[in-house]
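The values are calculated or read from the model by the stated rules, or taken from the named source; none is laboratory data. Keep in mind that what you see is a predicted model, and the values were worked out from it rather than measured. Cβ: placed from backbone, ideal geometry, glycine included. Neighbour counts: every protein chain shown.
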Amino acid sequence: MTKKTFIDFCNIFIKAGDGGDGHTGFRREKYVPKGGPDGGDGGRGGSIIAKGSEHEFSLLDYTQRKHFRAKNGQPGGRRQKTGRSADDLVLCVPLGTVFRNKETGRPMGEIIENDQTLVLQEGGKGGLGNQHFATSTNQTPRKSTPGEIREGFWVQMELKLLADIGLVGFPNAGKSTFLSTITNAKPKIGNYAFTTLHPCIGVSRLKQDDSDTLIISDIPGLIEDAHKGVGLGIQFLRHIQRTQALLFILNGDPEHVESPLTQWKTLQAELQSFDPTLMQKPMLIALNKTDLLDQEQIQKLQKDFAEKNLSIALISCHNKQGIHEIREKLHAIV
Ligand SMILES: Nc1nc2c(ncn2[C@@H]2O[C@H](COP(=O)(O)OP(=O)(O)OP(=O)(O)O)[C@@H](O)[C@H]2O)c(=O)[nH]1
Ligand SMILES: [Mg+2]
């Protein structure tokens with residue numbers, strides 16, 4: 001089921017490798033009864049590193065395997081031999097993954113770009129061999145230091161989709177239809193509420209050469225009291241927290257229980273209660289399904305919104321009316 005395949009939160013346990021211990025040893029050569037100290041240093045433990053990959057879209061893999069331990073550095077050896085350092089353990093994650101220390105809640109950083117890396121835990125440094133500790137008064141030091149120990153800990157990963165525009169609207173308003181009209185995305189569309197159960201993104205290209213691309217994110221519909229968990233709740237709003245602008249899609253179907261103005265007011269209130277800064281983003285309001293309205297009804301609705309100093313774009317995903325215009329406006333807004 002689609003709901004399960006999109007994972008946007010998960011916890012993993014990580015532990016970088018310990019450093020190898022420094023070695024205590026003495027040179028032994030023929031005819032040299034007492035050689036100097038020659039204990040080598042320990043190698044470095046492997047680090048745990050997150051790396052952005054544009055080919056990953058979900059944290060699903062990290063629900064299957066949760067423990068990630070890098071290898072320890074090797075101890076130093078005789079004859080100044082440095083122990084071998086362990087390889088780093090690299091975790092490929094989707095762009096938009098945010099890391100937090102699960103125990104303290106402290107943010108550890110986020111991955112935004114392809115190939116970007118973030119060290120989640122540095123491998124332990126190797127200890128020093130006794131070769132470093134000879135002094136004029138002590139030519140045979142027995143001292144060497146242990147490698148640094150690394151304690152493992154739990155890390156919370158959260159995936160926030162990176163999009164330019166977020167679509168907000170009641171269930172059944174036509175958000176997914178709109179996304180499929182102007183982008184390559186093929187979201188599920190259905191004439192019932194809550195067709196969309198997880199966020200979906202699509203890319204709109206105005207020009208062939210990629211110079212003007214727009215990433216649009218479709219999220220599940222919101223209803224009144226979504227902030228109290230009604231419907232699918234507002235938890236998906238965090239996926240549009242980092243968008244540059246919002247497009248509200250209102251259901252213009254005259255049979256719909258809530259009028260477009262009521263929808264707008266409810267959506268505004270729900271966004272406000274989730275994160276007031278969302279309402280400060282540039283936004284456009286589109287009235288969809290205008291193919292179901294006559295001229296008189298349209299004028300009445302425009303007047304209602306104009307009284308609130310709001311302008312609405314009239315669109316119909318079914319007969320493509322107003323689609324080109326709103327698409328150009330969206331590209332211009334970011
Ligand atoms: N008449 C008409 N119907 C439309 C239009 N756009 C979408 N619809 C229909 O409205 C219904 C809901 O469309 P969706 O795109 O699934 O709506 P949604 O906003 O994504 O809904 P949720 O995912 O449930 O939040 C479908 O039956 C669409 O065919 C339109 O412009 N005119
Ligand atoms: Mg939908």
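Give region 183-227 a look and list any residue that's surrounded by fewer than 17 Cβ atoms within 10 Å (Cβ to Cβ), more than 18 Å from GLU328 (Cα to Cα) and acidic (Asp, Glu), or say none. Within region 183-227, ASP225 is the sole residue that qualifies. The requirement of being in contact with a helix residue (DSSP H, G or I) (Cβ under 6 Å, 6 or more places away or on another chain), under 18 Å from LEU250 (Cβ atoms) and within 13 Å of ligand 2 (Cβ to nearest atom) is satisfied by ILE219.
Taking the numbered list (1) within 19 Å of THR266 (Cα to Cα); (2) of a type outside the set (Asp, Glu); (3) in contact with a Phe, Trp or Tyr (Cβ under 7 Å, 6 or more places away or on another chain); (4) within 11 Å of ligand 2 (Cβ to nearest atom) in turn, HIS198 passes all entries but (1).
What do you reckon, is SER180 within 11 Å of ligand 1 (Cβ to nearest atom) and either surrounded by 23 or more Cβ atoms within 10 Å (Cβ to Cβ) or in the same structural domain as SER47 (by TED's automatic domain parsing) (or both)? No; evaluated as a whole, the condition is false for this residue.
Listed by position, the strands (runs of 3 or more DSSP E) inside region 11-129 whose residues that are within 14 Å of the chain's Cα centre (by Cα) number at least 2 are 48-53, 89-94, 97-101, 107-111, 117-121.
Within region 165-186, the set of residues being more than 20 Å from the chain's Cα centre (by Cα) and either among the aliphatic types (A, V, I, L, M) or more than 18 Å from GLY231 (Cβ to Cβ) (or both) comprises ALA173, THR177, PHE178, LEU179, SER180, THR181, ILE182, THR183, ASN184, LYS186.
Looking across region 277-308, the residues that are within 24 Å of THR243 (Cα to Cα) and either loosely packed, with under 15 Cβ neighbours inside 10 Å or within 16 Å of ligand 2 (Cβ to nearest atom) (or both) come down to THR277, MET279, GLN280, PRO282, ALA286, ASN288.
Go over the candidates GLY36, GLY96 one by one and state the one that is touching a Ser or Thr at 6+ places or on another chain (Cβ under 9 Å), in the same structural domain as SER136 (by TED's automatic domain parsing) and not acidic (Asp, Glu).
Selected residue: GLY36, the only one of GLY36, GLY96 that is touching a Ser or Thr at 6+ places or on another chain (Cβ under 9 Å), in the same structural domain as SER136 (by TED's automatic domain parsing) and not acidic (Asp, Glu).
Can you work out which of the residues in region 204-220 that are among the β-branched types (Val, Ile, Thr) and either free of Cβ contacts under 8 Å to residues at least 40 places away in the same chain or not in a loop (DSSP other than H, G, I, E, B) (or both) is nearest to ligand 1 (Cβ to nearest atom)? It would help to see each step written out before you state the result.
At the first step, the residues of region 204-220 found to be among the β-branched types (Val, Ile, Thr) are 213, 215-216, 219.
Still in the running and either free of Cβ contacts under 8 Å to residues at least 40 places away in the same chain or not in a loop (DSSP other than H, G, I, E, B) (or both): 213, 215-216.
Values: THR213: 22, ILE215: 17, ILE216: 12 Å.
So, considering only residues that are among the β-branched types (Val, Ile, Thr) and either free of Cβ contacts under 8 Å to residues at least 40 places away in the same chain or not in a loop (DSSP other than H, G, I, E, B) (or both), the one nearest to ligand 1 (Cβ to nearest atom) is ILE216.
Of the residues making up region 152-177, those that are within 8 Å of ligand 1 (Cβ to nearest atom) and in contact with a Cys (Cβ under 9 Å, 6 or more places away or on another chain) number 3.
If you check ILE201 against the conditions, is it part of a loop (DSSP other than H, G, I, E, B) and either near ligand 1 (Cβ under 8 Å from one of its atoms) or of a type in the set (A, V, I, L, M) (or both)? Steps first, answer last, please.
Values: part of a loop (DSSP other than H, G, I, E, B): no; either near ligand 1 (Cβ under 8 Å from one of its atoms) or of a type in the set (A, V, I, L, M) (or both): yes.
No: the conditions fail for ILE201.
From the set of residues in region 224-268 that are in a loop (DSSP other than H, G, I, E, B), under 22 Å from CYS200 (Cα atoms) and among the small types (Gly, Ala, Ser), which is modelled with the lowest pLDDT? This residue is GLY233. The set of residues from region 81-113 being surrounded by fewer than 17 Cβ atoms within 10 Å (Cβ to Cβ), in contact with a Gly (Cβ under 9 Å, 6 or more places away or on another chain), modelled with pLDDT under 95 and not hydrophobic (A, V, I, L, M, F, W, C) comprises just one member, GLU113.
GLN116: touching a strand residue (DSSP E or B) at 6+ places or on another chain (Cβ under 8 Å) and at pLDDT 95 or above, yes or no? Judged against the criteria, GLN116 is not a match.
Scanning region 269-292 for residues that are assigned to a loop (DSSP other than H, G, I, E, B) and either basic (Lys, Arg) or in contact with an Asp or Glu (Cβ under 6 Å, 6 or more places away or on another chain) (or both), which turns out farthest from ASP304 (Cα to Cα)?
Filtering region 269-292 down to residues assigned to a loop (DSSP other than H, G, I, E, B) leaves 275, 281-282, 289.
Of the ones still in play, those that are also either basic (Lys, Arg) or in contact with an Asp or Glu (Cβ under 6 Å, 6 or more places away or on another chain) (or both) are 281, 289.
Numbers: LYS281: 23, LYS289: 17 Å.
Checked region 269-292; the qualifying residue farthest from ASP304 (Cα to Cα) is LYS281.
When residues in region 183-198 are screened for being more than 6 Å from ligand 1 (Cβ to nearest atom) and of a type in the set (Ser, Thr, Tyr), 2 of them pass.
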